[in-house]
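Note sheet for the following structure.
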Amino acid sequence: MQYSKKEYLDYLNQKSPNSTIVKDMICAFLVGGIICVIGQAFYDLYNKAFGIDEETARTAVSVTMVFLGAFLTGINVYGKIAKYAGAGTLVPITGFANAIVSPAMEFKKEGLVLGLAAKMFVIAGPVLVYGITASAFVGVIYYIIGLMGGSI
Amino acid sequence: MNNKLGKQTVKINDVGIISSAAIVGEKEGEGPLADSFDIVLPDNEWNEKTWEKTESKMQREAVKLSLTKIGLTTEDVDRIFSGDLLNQCIGAAFGLRDLDIPYYGIYGACSTMVEGISLAAQIIDGGFADIAAAVTSSHFCTAERQYRNPLEYGGQRTPSAQWTVTGAGSAILKKGEGDVKVTHITAGKIVDMGVKDANNMGGAMAPAAYSTLKVHFKELNISPSEYDLIVTGDLGKIGAEVLVELLQKDGIDISSNYKDCGCMIYNIEEQDVHAGASGCGCIGSVLCGHLLPLMKKKEIKSLLAVGTGALLSPTSTLQGETVPTIAHAVSLKTRE
Amino acid sequence: MTYLNAFWVGGLICVAAQILIDKTKLTPGRILVAFVVIGVILGGLGIYDKLVEFAGAGATVPIVGFGNVLAKGAIKAVGEKGLLGALLGGAQAAAGGISASIVFGFLIALIFNPKSK
């Protein structure tokens with residue numbers, strides 16, 4: 001072979017097509033934006049029409065969006081949108097639901113306990129691990145600041 | 001009798017492929033080679049409860065079909081070599097467990113078909129068996145859940161990703177018979193050029209194909225024009241291009257009689273398979289369903305089939321390892 | 001106006017992730033982890049709520065907003081219950097989303113099956 005490993009990797013990189021980044025960005029922007037608008041519509045429905053307080057309404061929106069993401073995954077639609085939308089369907093909380101439902105469905109064949117339930121968090125689990133751990137750190141930092149008489 | 005022509009290449013004296021059969025899935029049945037395959041599945045379940053069971057059934061039925069075509073039964077087969085992509089090769093073991101044929105499980109990732117034919121031909125030529133079978137399979141759904149993501153997960157495939165073929169191929173080899181003779185075999189070495197991207201298999205495997213092809217031409221002292229057709233399976237669009245360029249740099253020109261099975265089985269653009277096809281079942285079904293029958297009809301008289309495999313696992317990828325790859329070659333000629 | 005802001009802010013957060021997917025070797029899983037941690041940090045600093053005021057669901061629906069909820073919950077609980085609140089608050093505040101994911105995830109997975117492509 002005429003190439004060293006490094007030269008080969010450079011050569012291969014240059015041979016491999018790039019992702020169609022502009023198109024990807026536009027799709028992600030549009031779909032991500034629309035999902036957020038749907039979330040806003042639910043918020044207004046809960047907060048303004050039903051008169052639910054702000055914080056509870058936000059939680060209700062999360063729950064609604066999670067349901068939609070899960071349901072669209074169940075009827076084999078979410079993945080099809082995601083193929084075009086990329087991060088537009090990954091980043092909203094509907095994507096979190098997709099990451100939970102898709103392995104649960106996939107591994108149901110290995111049983112309801114060790115398949116469906118055990119595999120539920122193989123993809124989304126890290127988000128909870130790092131999110132909750134980070135929030136605990138934030139809490140501890142605030143506690144220390146409070147002890148030192150600092151104001152928050 | 002010394003059949004060793006070089007460190008990697010051996011001569012096979014009198015072994016032929018007497019029958020072959022290929023079974024493919026729905027998507028492959030919509031591709032350009034649809035008419036070549038013996039069975040196109042109505043759906044990717046084929047009345048089985050799990051996709052692993054479907055894949056096993058495809059192997060089993062491919063073997064049975066290749067035997068019934070020439071009026072043989074499993075009783076007549078002395079050895080069977082088989083493997084697939086699944087952990088512990090369950091596609092092969094579970095598929096063939098009821099066939100009652102002495103079984104050797106092999107693993108060469110997508111090179112398994114050619115590895116199996118290589119071993120079957122050598123064991124027959126050595127006088128250790130009269131009839132042997134080489135079988136392999138892959139299934140899009142079983143491969144996705146093992147190597148990548150759940151089917152309904154919303155991920156995007158990169159442009160260099162290849163689509164795992166749902167397909168199985170079976171070839172039956174026999175001493176002294178068959179329209180297609182196995183003439184030479186070049187065994188590949190494991191090659192690792194440091195590619196880490198598990199979504200660029202073709203690029204990772206091209207150096208292995210390059211290495212085996214170069215040794216094959218050198219140890220036999222022939223040029224690529226010796227063959228009507230040279231096929232690799234399956235480098236895909238990127239890998240195939242890289243292979244041609246790598247050989248060209250050494251003054252070896254295969255551009256006029258070279259194809260890649262990964263670029264043959266689908267309409268790459270229309271069927272949205274990015275860089276092409278992959279999986280044991282790709283060269284398995286293209287060789288057993290398309291190329292061998294063409295050789296039987298003498299439309300191709302000499303063929304060099306190069307099976308290429310990426311010997312990685314999900315574990316090695318997660319641990320940040322590079323991708324070791326392999327390529328085995330068998331030289332096939334129609335009997336005069 | 002909130003709808004327009006929700007659209008472009010939410011869209012832009014997704015675009016940021018798309019650039020990371022296309023231009024770096026980061027896997028989607030790692031990007032999500034990074035985004036949620038960024039949300040926790042911005043929430044901890046009290047910055048993210050300003051974006052929520054401006055963009056509404058454009059800031060709360062992306063996973064970054066989930067991080068913000070976690071951080072705010074932890075801070076609030078520390079104020080009310082002391083150090084133990086650091087462990088209670090985050091999960092408590094996000095309980096709706098997490099439980100919904102588990103319950104709906106379970107039920108949907110029970111009913112539906114993945115389809116071959």
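What percent do you get for the relative contact order of chain A when only Cα pairs under 8 Å and 6+ apart count? Provide the component values of the computation, followed by the final result.
Details: 114 pairs, mean separation 27.4, N = 152.
Relative CO of chain A lands at 18 percent.
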Quick check: pseudo-label points 7 Å beyond the Cα along Cα→Cβ at B:Gln88 and B:Lys64, how many nm apart are they? 2.5
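Chymotrypsin sites (Phe, Trp or Tyr not before Pro), restricted to region B:118-224: which are DSSP loop and have at most 15 other Cβ atoms within 10 Å?
Working: sites: B:Phe128, B:Phe140, B:Tyr147, B:Tyr153, B:Trp163, B:Tyr210, B:Phe217; in loops: B:Phe128, B:Tyr153.
Passing sites in region B:118-224 are B:Phe128.
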For a quick check: sort B:Lys181, B:Lys175, C:Lys23 by the number of other beta carbons within 10 angstrom, fewest at the front. C:Lys23, B:Lys175, B:Lys181
Local charge sum around C:Pro62 (other residues, Cβ-Cβ under 15 Å, Lys/Arg +1, Asp/Glu -1)? 0
Can you compute the label reach from A:Ile75? Point 7 Å from Cα along the Cβ direction, backbone N cut-off under 16 Å, restricted to region C:90-117. C:108-109, C:111-115
Here the tail fraction of P(r) beyond 40 Å, over all Cα-Cα pairs of the protein assembly as shown, rounds in percent to 36
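How big is the equivalent ellipsoid of region B:144-199 along its three axes, where each semi-axis is √(5λ) from the Cα gyration tensor, reported in whole Å from largest to smallest?
Gyration-tensor ellipsoid for region B:144-199: 36, 19, 9 Å.
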Neighbouring Cβ atoms within 10 Å as the yardstick, rank A:Met1, B:Met193 fewest first. A:Met1, B:Met193
Highest-MSF residue in chain B out of B:Asp78, B:Asp14, B:Asp272 [GNM, Cα springs under 10 Å]: B:Asp272
Here, C:Phe54 and A:Asn13, labelled 7 Å along Cα→Cβ, have an inter-label distance in nm of 3.5
What is the Cα convex hull volume of region C:2-111 when expressed per residue in Å³? 130
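Past the 28 Å Cα-Cα mark, which pairs from B:Lys64/B:Lys237; B:Lys64/B:Lys214; B:Lys189/B:Lys333?
Table pairs above 28 Å Cα-Cα are B:Lys64/B:Lys237; B:Lys64/B:Lys214.
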Most exposed first by the Cβ proxy, i.e. fewest other Cβ within 10 Å, how do A:Val31, B:Val10 rank? B:Val10, A:Val31
Simple spin-label estimate for B:Glu270/C:Val103, 7 Å along Cα→Cβ, in nm, reads 4.9
Quick check: convex hull over the Cα atoms of region B:180-334, volume per residue in Å³, rounded to an integer? 106
For chain B, Kirkwood radius (reciprocal of mean inverse C-alpha pair distance, Å): 19.3
Just counting partner chain Cβ atoms within 10 Å, what average do the residues of peptide B:239-247 show around their Cβ? 2
Just to check, using Stokes-Einstein with a Kirkwood Rh over alpha carbon pairs, what's the diffusion coefficient of chain A at 25 °C and 0.890 mPa s in µm²/s? 129
Determine, at each q value in 0.11, 0.12, 0.22, 0.23 (inverse angstroms), the log₁₀ of I(q)/I(0) that the Debye formula gives when each Cα of region A:43-120 is one equal point scatterer. -0.36, -0.42, -0.92, -0.96
Within region B:9-175, the percent of DSSP beta bridges that are antiparallel, given to the nearest 5, stands at 65
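No lab work stands behind these numbers, since they all come straight from the coordinates. Worth saying up front: this structure is predicted, and the values here are computed from it rather than measured. Reconstructed Cβ throughout: ideal geometry from the backbone, glycine too, with neighbour counts over all protein chains shown.
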